[in-house]
Structure formats: C-alpha cells, structure tokens
Amino acid sequence: MINPPINDIDLNFHNETSTYATHAIHAFAAKFPPQLPRTFIEMLTNPGDVILDPMNGSGTTTLEAYLLNRFGIGCDIDPLAIKIAKAKVTRLNIDGSEIAEEVCEYAKNLLINEPFLLREALEQRFDEKTKEFINYWFLPETQMELMSLMLSIERFERDTPLREFLEVIFSSIIVTKSGGVTRARDLAHSRPHLDINKVPQNAIDMYQKRLLKFATVVSELPDHEPRPIILSCDTKNLELPSDSVDLVVTSPPYANAIDYMRAHKFSLVWFGIPITQLSNLRKIYIGSESTSKSNLVILPPFTESILEKLGNIDSRKEAILRKYYSEMREAIAEMFRVLKPGHYAILVVGTSTMRGVDVKTPYCLADIAEKDVGFHVVDIKSRELDRNRRMLPVRNGVTNNKSVIEQRMHTEEVIILRKPALEY
Ligand SMILES: C[S@@+](CC[C@H](N)C(=O)[O-])C[C@H]1O[C@@H](n2cnc3c(N)ncnc32)[C@H](O)[C@@H]1O
C-alpha cells in the first residue's frame, strides 16, 4: 500500500446518486455520501480487510464495506443509529406486498375497531413527562395511527432482523428533514419548531409506502460473509484489539452543532424509552453542549490558540469546545491504537462557528492527531457540500451579502491520517 494516488482523487461526487442499496432507508443528520467511504475502501484495502467506523451513525461505511466484501465494524452510542445501521446491512427474504399487508391491515383494523385499546395503550405506556412530550408534538389522530402500527409491529418476535427492520421503517416516518408525521418542522436541521398549521400525512399510509419500497430493497441486498457487526459502544473506549483494523473511515460530529438526541427522541419514545432517560443520554455524545469538566486536557499550541480566541469572547463556549477537542483526542487515540501500523484513518469533518469564531475543527483535529497522538497527517482535502442534499445544521454567522446558493454550499475537509509503519 505504498503511495496510494491520494492527490488525484475528486471527493465532490457531484451528480452522483447516494440512494442506492439501503442507503436511503432512514434520514440521518450529516450522513456522508456513500462514495466517500467507497473511494477510500477501494483505494486502501482488499476484500476481507477490516473497515472500522467508530462513529458509525446510520452506517454508510459499514454498508459500503459489506457491498465491497470487506468486514465492516461500526460503533455508535446512539440507540437509533444502531437500529438503522443494523437494518441497512441485513438482507431479508420478504415479499413487500405481503408484509405491508400483514402489518398495515392489522393496524388499520385496530384503528377502526379497537380505539379503546389504542387509547388505553397511549395512556398506560408512557410516564407523565413522555406523555406531555408526545401530546405536544403529535396530533391525537397521529398518536392513534402510530400506536396501531406499533401494536402491529410488536406481534413480530423482538430483536429479530424482521422486527428491527419494521421498527426502522416506523422511525423513518417520524425523523425526517421536514418532521414527518410530527407537528415539528426543522427536525434535523436545528431546534424543532412547532408548526401549528402542519397537517401531517396519515401515518399508516406513509408507513405502507415506505415499507413496500424498502422491503424490496432489503430483499435485494447481497447475502455473503463477512457480515458487518454493529456495536453499541463509546468511540473513546473501543472494545477491539490493538493493531487489528485495516482502515478507519468516519465522520465525527461537528463541534457544538448537531444534537442527535433532540431529533431521535421523537422516534425513540415510541419504543418505550422514557423522555428523561433519552435527555440524560445526550451528555455522553461528543460535540454536545455539555461543559462537564471530566478528562479536559491541555491541547497542542494551534488548538490552544483557537480556544483562547473563543475564551476571550465567551468562556462557557470555550469550555464546550475544550471538551469537544479533549474527547476527540481520546477518540483519535483509540483509532490509532486499533489500526495496524502503516494503515490509514480518514476523518471527514467541517468547521463550526462559535460566537463568530471559526473554530477550525479539521485543522485542530489534524493538529491533535499529529502532535498528541502520533499520526502522520498525509493530507487535508476540501470537498464541496451540497447543503440541499446533506442534512446539516443551519450555519451561524453567514454574511448576508452572499447569494443564497453560496450560503447553501460550503465545504468540509477530509483529513487523511497514517499510523507510522513499524521500523525494523
Ligand atoms: C456525523 S455522524 C456520523 C454519520 C455517518 N457517517 C453516516 O453516514 O451516517 C456522527 C456520529 O457520532 C456519534 N457519536 C457521538 N459521540 C459518540 C461517542 N462518544 N461514541 C460513539 N459514537 C458517538 C453520533 O451518535 C453520530 O451518530
């Protein structure tokens, strides 16, 4: 793997489709295009090699690894991300029309003939706080439709691939760019806003359409070894042996930008997780707004200079950013530990603006990777982002004299790191 042709690669992927195979089964904020992991997997590995995404999100990397006959391993702490990533890589031998009829007819029947049963389920399943949340964000008729679907899905055996697939389709009608069957808009982009004029579609109809479509898609997935494994684990403490991975491809959360749980709880409450438990989980996400002081470290001089600049304006934001960089340092150190010597880690990340300060995320992460962890920074390549296609947070501090198109397009960086080879 000497001198791969990194200088010549085009990472923009304009006009290429990113919805093939199961990639479009569920929306996910800041999901990267499948061509991105595909390019590096093809360039830097061979069939059978181990490809790790330690912040796997909706599993773009693990699906691409599987399609390319590599052994994909994906880790994430987000319960919804894990569900989606598992469903994406699991072939099911099912007939779309049959399964759609079986699930949706039962749900429709409950809706017409068993409204008391549905109301009772809505009353008894959730604690008071969760009920308050559901009542605020879902119209009463949508709640009845969703509960009838849930009771129908629950007839299938728990923790089986079919049940997990049905659950992911359920979630996919709630967590969408436009807020799906909720009363929210901007669910994935920023804070959800209540839209009192929104008339959500019928949840069962929407479910049926998506189920029909994706039942066909999952039944067309290949069925071969090695099968990917999707783990629920913290990227700062990977349960993998040292020197065991051939390639890491990942996109860490942007600093202080996306609150995954803010959107995901709209779906996860329906699976019986109380809202307070979901809200508490938030603190453990890298890039969250939390300022807890655990594991904060002094970072290399370039990164410290950015922190100081921000700290002169807002010390709380500086604490948030220091936590982000400190945790990313632990995450990058874990990537280094599990990678085989001489192998590559690809990190895809854009910068953020905090209180008007560009926090230079890609350059700080490269700085930390090199100075603190021991990686060699091979290159940092820019790629253009089509903000219409990729669900990203609204950018702060955009100047008004730019055209709308310019404001929508911006770039992110692809950091190419290499763990030094062993010297004999
Ligand atoms: C930008 S997203 C990854 C998107 C992914 N590339 C895709 O295409 O779907 C970043 C992910 O990092 C995860 N994450 C945040 N903190 C984490 C942690 N401590 N351990 C593991 N994953 C974490 C989030 O849950 C989120 O799924």
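Once you have the Cα-Cα distance between LYS371 and LYS177, take 0.36 nm times their residue separation minus that, and quote the gain in nm to one decimal.
Values: separation 194, 0.36 × 194 = 69.84 nm, distance 3.86 nm.
In short, 66.0 nm is gained.
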_segment 1-68-segment 253-281 distance, computed between alpha-carbon centres (Å)_ = 26 Å
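With charges set only on the Cβ (+1 for Lys and Arg, -1 for Asp and Glu), what does the dipole of segment 259-371 come to about its Cα centre, in debye to the nearest 20? Could the numbers behind the result be given before it?
Numbers: 16 positive and 12 negative charges, 54 e Å.
Approximately 260 debye in magnitude.
In what order do THR353, THR45, THR303 fall by count of nearby beta-carbon atoms within 10 Å, going from fewest to most?
Numbers: THR353 15, THR45 21, THR303 27.
Taking fewest neighbouring Cβ atoms as first place, the list is THR353, THR45, THR303.
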_Once R0 is set to 60 Å, what does the formula 1/(1 + (r/R0)^6) return for the Cβ-Cβ distance between ASP195 and ALA421, expressed as a FRET efficiency to the nearest 0.05?_
0.60
*Between rounded, prolate and oblate, where does segment 96-219 land on the alpha carbon gyration tensor, with a ≥ b ≥ c its root eigenvalues, rounded for a/c under 1.5, else prolate if a/b exceeds b/c?*
oblate
*Only Lys, Arg, Asp and Glu count, each charged at its Cβ (+1, +1, -1, -1), so figure out the dipole size of segment 96-219 about its Cα centre, rounded to 20 debye.*
540 debye
*Given charges of +1 on the Cβ of Lys and Arg and -1 on the Cβ of Asp and Glu, with all other atoms neutral, how large is the dipole of the chain about its Cα centre, in debye to the nearest 20?*
1120 debye
*For THR176, THR160, what ranking results if the residue with the fewest other Cβ atoms within 10 Å of its Cβ goes first?*
THR160, THR176
*Please work out the Cα center distance from segment 74-90 to segment 154-225, rounded to the nearest Å.*
14 Å
_For PHE32, PHE156, PHE116, which order do you get if you count the other beta carbons within 10 Å of each Cβ and list the fewest first?_
PHE116, PHE156, PHE32
*How would you classify segment 194-287 from its alpha-carbon gyration tensor, with a ≥ b ≥ c the square roots of the eigenvalues: rounded for a/c under 1.5, else prolate if a/b is greater than b/c, otherwise oblate?*
oblate
*Rounded to the nearest 500 deg cm²/dmol, what is the calculated helix-only ellipticity per residue at 222 nm for the chain, with -39500 (n - 2.57) per DSSP H run of length n ≥ 4?*
-12500 deg cm²/dmol
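For ASP10 and GLU157, FRET efficiency with R0 = 60 Å and r from the beta-carbon atoms, rounded to 0.05?
Numbers: r = 46 Å, r/R0 = 0.77.
Step by step, r from the Cβ atoms, then E = 0.85.
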_Amide H within-cut-off set for ILE230, under 5 Å, with H built and near neighbours excluded_ = GLY74
_To check you understand DSSP bridge types, tell me what percent of the beta bridges within the chain (both residues inside) are antiparallel, rounded to 5._
55 percent
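Taking all pairs of distinct Cα atoms, average 1/r, flip it, and tell me the Kirkwood hydrodynamic radius of the chain in Å to one decimal place. Intermediate results must be reported in sequence, preceding the final value.
Working: mean 1/r = 0.0443 Å⁻¹.
This gives a value of 22.6 Å.
Classify segment 82-133 as rounded, prolate or oblate, taking a ≥ b ≥ c as the square roots of the eigenvalues of its Cα gyration tensor: rounded when a/c is under 1.5, otherwise prolate if a/b is larger than b/c and oblate if not. Please list the in-between numbers first.
Details: a/c = 4.83, a/b = 1.37, b/c = 3.52.
Because a/c hits 1.5 or more and a/b fails to exceed b/c, segment 82-133 counts as oblate.
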*Only Cα pairs under 8 Å and at least 6 apart count here; give the relative contact order of the chain as a rounded whole percent.*
18 percent
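Every number in this text was worked out from the coordinates using simple rules, so none of it is lab data. Remember, it's a predicted structure, so these values are computed and weren't measured experimentally. As a convention, Cβ positions derive from the backbone with ideal geometry for all residues, glycine included, and neighbour counts pool all protein chains shown.
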